[in-house]
Amino acid sequence: MTSIQAIRAEANGEPGPGTFLAVLRQLRKNRLGLLGALLVLLVFASAMFAPLIMTHDPIRIMVGPRLAAPSREFLLGTDQLGRDTFSRVIMGGRIPLLVAFASLGISLALGLVLGLVAGFGPRWLDNVLLLIFDTIRSFPGIIFALAVIGLLGPSVTSVIFVIAITSIPIYARIARTQTEALRNSEYIAAEQSMGASTTRILAVHVLPNVIGPLVILVSMDVPAVIAVQAGLSFLGLGVRPPTPDWGAVLNDGYNYIQNTPWLVIAGSTPIVLATLGFTFLGEALRDIFDPKLGKDI
């Protein structure tokens with residue numbers, strides 16, 4: 001949408017480009033994107049209101065009903081210690097969301113800053129930063145995670161640190177590429193000829209054009225981070241027991257799958273729903289905002 005179209009839309013009381021209402025209007029036309037938004041909303045709501053939704057204390061050990069099947073009292077049955085699986089799944093959604101948004105937020109912020117510096121700074125600094133990015137990316141992710149968690153111990157902080165460090169080069173390279181493409185544009189040259197500072201050019205002209213693709217990429221990386229966090233918890237490298245977590249529930253189910261399948265189903269279903277939700281929503285946002293697809297909002 002051109003600036004003239006935006007002015008006309010504003011004069012007619014219509015939502016302009018990039019506004020929240022305009023995104024919602026386009027999202028309603030994409031069935032998978034709308035389904036993804038509903039699934040994401042469901043995951044967020046269940047995690048946010050977990051204390052109100054869960055029916056039992058998720059860490060309370062009950063002697064009687066161990067590995068029980070779903071019933072009116074225990075909606076998803078119980079685990080090997082008699083703990084209510086439904087309550088553990090509901091409360092366990094907080095850890096993956098915390099890890100995903102904390103780690104991706106850190107990597108996005110640092111990657112954006114480093115990418116802007118590499119793309120707009122002197123060539124020697126660009127080469128140094130690229131060497132650092134390539135060095136980090138050269139380490140196998142699982143080996144790096146095992147080394148860091150073995151050194152720091154299994155915890156939420158360790159998982160956030162591992163994911164953030166390994167994700168920074170991805171966002172930094174994308175920001176660098178976008179910045180280099182904008183650096184030689186005519187309006188940047190005009191700003192420099194008028195005496196604008198580098199900080200102003202980066203903040204006013206470069207950053208708004210770079211942040212959009214990165215935010216969309218973050219939304220599409222959330223399911224991958226959730227899967228990594230669940231995998232580390234499944235291996236016993238995530239949160240410490242008895243903290244409820246999807247990966248921990250899935251690990252308990254795997255150990256006792258011959259006795260009952262309900263733990264595996266309860267642990268894997270929210271991971272699948274969250275993955276599908278963020279994937280569908282991220283692809284819909286990409287289709288809306290990607291100018292190469294000719295989508296106007």
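Along the positive direction of the dipole of the range 25-124 (beta-carbon charges: Lys, Arg +1; Asp, Glu -1; about the Cα centre), which of Trp124, His56, Pro70 reaches farthest?
Trp124
Can you tell which of Leu232, Pro244, Ile170 lies farthest toward the positive end of the dipole of the chain, using +1 and -1 charges on the Cβ of basic and acidic side chains (Lys, Arg; Asp, Glu)?
Pro244
Could you work out how far helix 156-183 tilts from the main Cα principal axis of the chain, as a 0 to 90 degree angle to the nearest 10?
The two axes meet at around 20 degrees.
Just read off the accessible area of Glu180 with the full protein assembly in place, 1.4 Å probe, to the nearest 10 Å².
Accessible area of Glu180: about 50 Å².
Only Cα pairs under 8 Å and at least 6 apart count here; give the relative contact order of the range 62-132 as a rounded whole percent.
In percent, rounded to a whole number, it is 16.
Quick one: Kirkwood hydrodynamic radius for the range 84-145, alpha-carbon pairs, angstrom, one decimal?
Roughly 14.4 Å, rounded to one decimal.
What number comes out for accessible area per residue over the range 119-249 if the probe is 1.4 Å? Units Å², please.
50
Please give the charge dipole size of the chain, origin at the Cα centre, charges +1 on K and R Cβ atoms and -1 on D and E Cβ atoms. Round to the nearest 20 debye.
160
State, as an integer percentage, the relative contact order of the range 77-205 based on alpha-carbon contacts under 8 Å between residues 6 or more apart.
34
Each residue of the range 137-147 in turn: what ³J(HN,Hα) in whole Hz from Karplus with 6.51, -1.76, 1.60 and θ = phi - 60°, glycine and Pro shown as x?
Working through the residues one at a time gives 6, 6, 6, x, x, 5, 5, 5, 5, 4, 5 Hz.
Relative contact order, percent, of the chain when contacts are C-alpha pairs under 8 Å separated by at least 6 residues?
In percent, rounded to a whole number, it is 26.
Of the listed peptides 147-154, 266-273, what is their order by residue-averaged count of other C-beta atoms within 10 Å, with the highest listed first?
Packing order, densest peptide first, comes out as 266-273, 147-154.
Carbon and sulfur together cover what percent of the accessible area of the chain at a 1.4 Å probe radius?
66
What angle, in degrees between 0 and 90 and rounded to the nearest 10, separates the Cα long axis of helix 246-255 from the longest principal axis of the Cα atoms of the chain?
Once rounded, the angle reads 40 degrees.
Given C-alpha coordinates of the chain, what is the ratio Rg to Rh with the Kirkwood estimate of Rh?
A ratio of 1.07.
Using the Cα centre of the chain as origin and beta-carbon charges of +1 (Lys, Arg) and -1 (Asp, Glu), tell me which of Ile288, Val264, Leu110 is placed farthest towards the positive end of the dipole.
So the residue furthest toward the plus end is Val264.
Based only on Cα atoms, what mean projected area does the convex hull of the range 145-255 have, in nm²?
8.9
So, with +1 on the Cβ of K and R and -1 on the Cβ of D and E, and no other charges, what is the size of the charge dipole of the range 13-134 about its Cα centre, to the nearest 20 debye?
It works out to roughly 340 debye.
So how do 231-238, 245-252 stack up, highest first, on mean other-Cβ count within 10 Å?
Those peptides, ordered most packed to least, come out 245-252, 231-238.
The values are calculated or read from the model by the stated rules, or taken from the named source; none is laboratory data. Every value quoted in this text rests on a predicted model; they were computed, and no experiment measured them. Methodologically, a virtual Cβ is constructed for each residue, glycine included, from the backbone with ideal geometry; neighbour enumeration extends over all protein chains shown. Note: areas computed on protein heavy atoms with side chains; ligands, DNA, RNA excluded. Shrake-Rupley method; radii C 1.70, N 1.55, O 1.52, S 1.80 Å.
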